[in-house]
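The values are calculated or read from the model by the stated rules, or taken from the named source; none is laboratory data. Owing to the predicted nature of the structure, the values given are computational and were not obtained by experimental measurement. When we count neighbours, we look across all protein chains shown, and the Cβ atoms used for this are built from the backbone with ideal geometry, even at glycine.
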Ligand SMILES: [Mg+2]
């Protein structure tokens, strides 16, 4: 765990969901694979070929732009608009098959919620994001959920963060963003004047009540 510019007065904690509120690499990978399987089915090609097509497209884009490209962006090269791959995720993702209730996480979040307002900020659509929180047994602890369809843009865009802060009625300077990817979950919040906590997984979230006091 690494902390960045923690504000002196903290009123809200904005949590990333995937690989932050749970540690499960199989499910994290399945979220990508399920879309590639669907793409393969629609094209009538073997799954391995679909993986290869996507991998090649991603490398091409990364070489051109110097930036990592999302699966959604890579799929647009094959005539699949972003709106359609979002719909696939809305319909296909079943987090409840991979995740289970986490009482230790629940206890930590309950403790944190006595002192801080909590929000979840995710690049997944609200249906699977809500299902993930529900499977972990913590849905009721997040009064604000900012999902992909809440703002129409993905992290690391500023909007999901400012939307979460506004919904909680807390200025950016009194928020901390907590997530597992520096580029996606931490860098932009720091630009907005928030603090950041980079976690290695949910085990680090368990320690936040002690760390933040
Ligand atoms: Mg994550």
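At-a-glance table
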quantity: From the options 160, 189, residue that is touching a residue at least 40 places away in the same chain (Cβ under 8 Å) and surrounded by 19 or more Cβ atoms within 10 Å (Cβ to Cβ); calculated: 189
quantity: So residue 94, is it under 17 Å from the mean Cα position of the chain (by Cα), away from the ligand (no atom under 16 Å from the Cβ) and under 21 Å from residue 202 (Cβ atoms); calculated: yes
quantity: Residue 3 being within 17 Å of the chain's Cα centre (by Cα) and modelled with pLDDT of 95 or more; calculated: no
quantity: Lone unmet requirement of (1) surrounded by 16 or more Cβ atoms within 10 Å (Cβ to Cβ); (2) under 25 Å from residue 180 (Cα atoms) for residue 92; calculated: (1)
quantity: Candidates 132, 69 - the one that is touching a helix residue (DSSP H, G or I) at 6+ places or on another chain (Cβ under 9 Å) and free of Cβ contacts under 8 Å to residues at least 40 places away in the same chain; calculated: 69
quantity: Unique match (being in contact with a strand residue (DSSP E or B) (Cβ under 7 Å, 6 or more places away or on another chain) and surrounded by fewer than 18 Cβ atoms within 10 Å (Cβ to Cβ)) among 83, 113, 70, 126; calculated: 126
quantity: Filter result for the condition that a residue is more than 17 Å from the chain's Cα centre (by Cα) and either within 14 Å of the ligand (Cβ to nearest atom) or at positive phi (or both), over 179, 201, 193, 173; calculated: 193
quantity: Helices (runs of 4 or more DSSP H) fully within region 1-90 counting 1 or more residues that are within 22 Å of residue 160 (Cα to Cα) and away from the ligand (no atom under 16 Å from the Cβ); calculated: 71-76
